[in-house]
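One structure is given here, and the rest of the page talks about it.
The values are calculated or read from the model by the stated rules, or taken from the named source; none is laboratory data. Everything numeric here is computed off the predicted structure, so don't read it as measured data. Here Cβ is always computed from backbone atoms with ideal geometry, including for glycine, and neighbour counts include all displayed protein chains.
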Amino acid sequence: MFVLSILLVIAAVVLYFVARARDTKGLKAGAWATGVAGLFAAMASCLYVVSAYEVGVPVAFGKVGAPMTSGMHLKSPFANVTSFSTRPVDLNLSDKDVIEVRSSQGGVMYAEVTVKWAVTPSKAVELYRLAGSESAIQQRLVYPDSREIVRNVFARHTSEQGYASAREKINTEIAELIKERLAPRGIAVTTVNLRNVKPSDQLQSQIDRKIQQQQATERATEASRTAKAEAERRRIEAEGIAKANKILNESLSDKVLLNQCIEAYKEAAQKNPVYAVPCGSGDGTPVIVDGTKR
């Protein structure tokens, strides 16, 4: 724009002298119009408008100036302004950018992560020096650092923790480390989301075999527990029977048995046409007499 204003001023001067030499009013008017256009172009080259949610970094003759916030600013006509958006940007590490990680046991997994980051306006000059443009910030700073940190965190955990039991803990560790790494560079990380962790085919096979072994062990343990319980039940039952038999043997004398026998015969005589004679053979067994027969 500044170069255009200079050209317009030069053209206005040339037209003015030509018009003066020829005494032509039309050329004089054209010279004045060209001069005014050059003046406006020069003024426009000294003004720069930074859009909302952006920050500008002016650079003139290789020297970086102070960052420009949103609004209108005066600048050197020789300065170029590089704009950076301050809106949050999503870096999706998935599909072709999915991160291959290894656990502390050597198992291979694939982690999908989303990092939401934004430029800190007060650090725009530092970011310009580090990256040079908004797209370069993500490719040179956020992208490689995030991948490195994700790999390092997973390497401190087992495979089972990585894909199942410690997902939230790993997500928190990754977020804290990425924020700590990028904040001094002028990149504010707002959210880190560990969306998915998928085991490799080899690791999945190992997981399946481990699950099968655990299930087999649980079945064997349950069968052993059941067998022990049944053996204990039988032992207790046998001890009870033995104790009962011992008590019975100790309490049944010959006289007691004879008396129980007599009582049984009496009950039988009351219900049937028989009667008991409490005398009999030498062993004392009563004689049963059937009254219906002669």
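Structural remarks
- Elements of the type strands (runs of 3 or more DSSP E) sitting completely within the stretch 75-133 and holding at least 2 residues that are of a type in the set (A, V, I, L, M), in contact (Cβ under 8 Å) with a residue 60 or more places away in the chain and not assigned by TED's automatic domain parsing to the domain that holds residue 52: these cover 108-119.
- The residues in the stretch 165-215 that are within 15 Å of the chain's Cα centre (by Cα), surrounded by fewer than 19 Cβ atoms within 10 Å (Cβ to Cβ) and not in a helix (DSSP H, G or I) can be counted, and the count is 6.
- Any hit, the stretch 156-173, residues being among the hydrophobic types (A, V, I, L, M, F, W, C) and farther than 19 Å from residue 199 by Cβ: no
- Residues within the stretch 100-131 that are within 19 Å of residue 89 (Cα to Cα), hydrophobic (A, V, I, L, M, F, W, C) and under 20 Å from the mean Cα position of the chain (by Cα), tallied: 3
- Single match in 114, 82, 86 (criterion: under 30 Å from residue 157 (Cα atoms), of a type outside the set (A, V, I, L, M, F, W, C) and modelled with pLDDT of 85 or more): 114
- Residues that are over 24 Å from the mean Cα position of the chain (by Cα), surrounded by 15 or more Cβ atoms within 10 Å (Cβ to Cβ) and among the hydrophobic types (A, V, I, L, M, F, W, C), drawn from the stretch 132-149: 137
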